[in-house]
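The values are calculated or read from the model by the stated rules, or taken from the named source; none is laboratory data. Remember, predicted model here, so these are calculated numbers, not experimental data. Here the Cβ positions follow ideal geometry from the backbone for every residue, glycine too, while neighbour counts run over all protein chains shown. In case anyone asks, the SASA skips ligands and DNA or RNA and just uses the protein heavy atoms, side chains included. Shrake-Rupley method; radii C 1.70, N 1.55, O 1.52, S 1.80 Å.
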Amino acid sequence: MKAFVLRSYGSPDYLELTDVDEPVPGDDEVLVRVGATSVNPYDWHQMRGQPYVARLMPGGMGLRGPKLSILGCDLAGRVEAAGQNVTGFGPGDEVFALLPQGCFAEYVSVPQSLLAYKPKNLSYEQAAAVPMAAITAMLSLRDAARLQPGQTVLVNGASGGVGTFAVQIARALGANVTAVCSAPNAGLVRSLGAAEVIDYTTTDFTRHEQRYDLLLDIAGSRRVRAARRALKSEGTFVAVGGPAGRWLQPAGHMFAALALAPLVSQRVVMTDTVRCTHKKENLVTLTELIEDGKVTPVIGRSYPFGDIPDAIRHQEQGHARGKIVVTV
Ligand SMILES: NC(=O)c1ccc[n+]([C@@H]2O[C@H](COP(=O)([O-])OP(=O)(O)OC[C@H]3O[C@@H](n4cnc5c(N)ncnc54)[C@H](OP(=O)(O)O)[C@@H]3O)[C@@H](O)[C@H]2O)c1
């Protein structure tokens, strides 16, 4: 089968489209033919081995070279074959999943514990937009923030992959949403349910008079100390992402948030989607919201499989509108 293989850290040019053996599913695994995948900041961090500090973290990236040879963690596709212990999935089933790696390929072997049925009303492209970004939004709002109906939420970085899901999920949970994004995306985030929009190119949300119950900090564009001025004294700050950097960021931004936590009245927490142990359950919950029409993936750009390096180049610029998907 064809796959993009990463043999050493570097730019998107280091992704080599080549023939590799088709994976053979184990007893508890399902072989899925990939219909579509999508690109996340996680992919280029793994591709470049950046930030460098992540190479020193336990369970993180390889020190000198990549641990993952085939990147891509979002999957939507069709089941081709199932291992002998697999129950509930068989050839022809349409599925989606959030995997640690392997989706920039024509086939991938998936543990059944990670696999969920694709929402019936979504194409493969739309479904592939969901796993990483929407699970991150769900974990941040429902679990980390414990968002309650009627609360006010400021979403900083509302027009990207995570942000477009976060606005919709916050609305579905009954919150009142203010979105921070640039002016060209104001109409988009309003259409997703944001009641107010702050244009970050003209207005500093930390200087706004409004105070919120929750700040969902996806962009990490302001220092945590300044950003928490936008919160009520009993509010919650959820650190999701931060500015990109070679050495420390976005990890430094997340650490700064956690270091501040014991010193302030607000609750400061962070989201870690990669280590989430109930990804499949979250996909099932998201499927209900999607099939009920409460959440719809926003696709900003779509690339053919052979152009995955270009898709990642676009992602690296940090101004994606909704999700960047890839048809396989
Ligand atoms: N903690 C976790 O488990 C987890 C999981 C997934 C992702 N993340 C992190 O979350 C972050 C976002 O991921 P993503 O997939 O949503 O990225 P993305 O799709 O690339 O979105 C980036 C968005 O950030 C916006 N943005 C850029 N500068 C901004 C600023 N100064 N103020 C407000 N918004 C700004 C851009 O809007 P404009 O085009 O208008 O500039 C764009 O819409 C990344 O740092 C990623 O690593 C963390």
³J(HN,Hα) computed for each position of the stretch 6-20 - Karplus, 6.51 cos²θ - 1.76 cosθ + 1.60, integer Hz, glycine/proline x: 10, 9, 8, 4, x, 6, x, 5, 7, 7, 9, 7, 8, 8, 10
GNM result for the chain, Cα springs below 10 Å: residue of ASN176, ASN282, ASN121 fluctuating most strongly: ASN121
Derived scalar couplings ³J(HN,Hα) [the stretch 39-54; Karplus, 6.51 cos²θ - 1.76 cosθ + 1.60; whole Hz; x for Gly, Pro]: 10, 10, x, 3, 5, 6, 4, 5, 5, 8, x, 10, x, 4, 4, 5
Formal net charge of residues neighbouring ALA54 (Cβ-Cβ distance under 12 Å; K, R +1; D, E -1): +4
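Would you tally the net charge around ASP74, using a Cβ to Cβ cut-off of less than 10 Å, leaving ASP74 out, and scoring K and R as +1, D and E as -1?
Details: positive: LYS323; negative: ASP43.
Spelling it out: positives minus negatives among the neighbours equals 0.
What FRET efficiency comes out for the pair MET1/GLU291, r = Cβ-Cβ distance, R0 = 25 Å, nearest 0.05? Can you show the working numbers first?
Numbers: r = 31 Å, r/R0 = 1.25.
My answer for the efficiency is 0.20.
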Förster radius 51 Å - calculated FRET efficiency between ARG301 and ASP21 (Cβ-Cβ, nearest 0.05): 0.95
Probe 1.4 Å, accessible area per residue of the chain, Å²: 43
GNM top mover of GLU94, GLU125, GLU288 - the chain, alpha-carbon springs below 10 Å: GLU288
Which listed pairs, of LYS2/LYS280; LYS2/LYS67; LYS120/LYS323; LYS120/LYS279; LYS67/LYS323, have C-alpha distances above 22 Å, in listed order: LYS2/LYS280; LYS67/LYS323
Residue among THR287, THR273, THR202 with the largest mean-square fluctuation in a Gaussian network model of the chain, springs linking Cα atoms under 10 Å: THR202
For TYR52, solvent-accessible area (1.4 Å; no DNA, RNA or ligand), Å²: 60
Distance in nm between pseudo-label sites at ALA183 and SER11 (7 Å out along the Cβ direction from Cα): 3.3
Local electrostatic count, ASP93, Cβ distance below 13 Å [Lys/Arg +1, Asp/Glu -1]: +2
Per-residue SASA entry for SER233, accessible area with 1.4 Å probe, Å² rounded to 10: 70
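Taking 8 Å as the Cα distance limit and 6 or more residues as the minimum spacing, I'd like the relative contact order of the chain as a percentage. Kindly include the intermediate steps, with their values, before the conclusion.
Details: 784 pairs, mean separation 64.4, N = 328.
With pairs under 8 Å counted, the relative contact order is 20 percent.
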Spin-label zone in the stretch 21-57 - amide nitrogen under 17 Å from a point set 7 Å from the Cα of THR327 along the C-beta vector: 34-39
